[in-house]
1. Note the full-extension length gain between Ala92 and Gln40 as 0.36 nm times their separation in residues minus their Cα-Cα distance, in nm to one decimal.
2. Cut-off 10 angstrom, C-alpha nodes, Gaussian network model of the chain. Which of Phe107, Phe83, Phe58 fluctuates the most?
3. Quick one: grab Rg to one decimal and Dmax as a whole number for segment 4-130, Cα atoms only, in Å.
4. Show me, for segment 71-79, the HN-Hα J-couplings you get by feeding each phi into the Karplus relation (A = 6.51, B = -1.76, C = 1.60, θ = phi - 60°), rounded to Hz, glycine and proline as x.
5. Dipole of the chain (Lys/Arg Cβ +1, Asp/Glu Cβ -1, origin at the Cα centre): which of Leu16, Val37, Met1 lies farthest to the positive side?
6. So what is the relative contact order for the chain, in percent, with contacts set as C-alpha pairs under 8 Å and at least six apart?
7. Rounded to the nearest 500 deg cm²/dmol, what is the calculated helix-only ellipticity per residue at 222 nm for the chain, with -39500 (n - 2.57) per DSSP H run of length n ≥ 4?
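Only the coordinates and a few stated rules stand behind these numbers; no lab work does. Note that the structure is a prediction, hence the values are computed from the model and not measured. Heads up, the Cβs are rebuilt from the backbone with ideal geometry, glycines too, and the neighbour counts pull from every protein chain shown.
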Amino acid sequence: MLQCIFLLADNGAVILEKQLTGHRVDRSICDWFWDHVISQGDSFKSMPVIASPTHYIFQIVRAGITFLACTQVEMPPLMGIEFLCRVADILADYLGELNEDLIKDNFVIVYEVFHVLCQALFQLLFFSNLF
C-alpha cells in the first residue's frame with residue numbers, strides 16, 4: 001500500500017507531504033527523484049512508475065504539479081497511478097484549476113481533501129461515483 005504522497009512544484013520543491021502509514025518516508029526520496037528528472041530529461045518524467053534504490057515511485061504531472069506517491073512493497077501499479085489521477089481530478093474540481101499558488105493559498109483544504117481521500121482509498125478506486 002502507499003506510504004506517502006508528495007506534491008512537487010516545477011522546481012522540485014515539496015509543496016505538500018502526506019504520510020499514510022506509521023513508517024515515515026524521508027523527503028530525500030523527492031531529491032533522488034528530482035535529480036533523476038534533471039539528469040534524464042523529460043523522458044524520465046513521462047514514466048509513471050519508477051524503481052528507486054529503496055522505493056517504488058508512482059508519479060503523474062498535472063499543470064506543472066508533480067504528484068508523487070511512494071511504497072516499499074510491490075503493489076498493482078495502476079492502483080497507485082489511478083489514485084494519483086483521482087486526487088488530481090478532485091483537487092482540480094475543488095480549486096477550479098491546479099497551480100502552485102492555489103494549492104498554497106488553500107493548503108488546509110488541500111490537506112483535508114488528501115486526508116479524506118487517503119482514508120477512503122479502496123472506495124475511491126472502485127466506487128468513483130461516491131466522490
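1. Details: separation 52, 0.36 × 52 = 18.72 nm, distance 2.86 nm.
Extra length available between Ala92 and Gln40 comes to 15.9 nm.
2. Largest GNM mean-square fluctuation: Phe107.
3. Cα only, segment 4-130: 13.8, 41 Å (Rg, Dmax).
4. Once rounded to whole Hz, the list reads 8, 9, 10, 5, 8, x, x, 5, 5.
5. Met1
6. Values: 169 pairs, mean separation 30.0, N = 131.
Relative contact order of the chain: 23 percent.
7. Working: 6 runs with 61 residues, N = 131.
Estimated from H runs of four or more residues: -13500 deg cm²/dmol.
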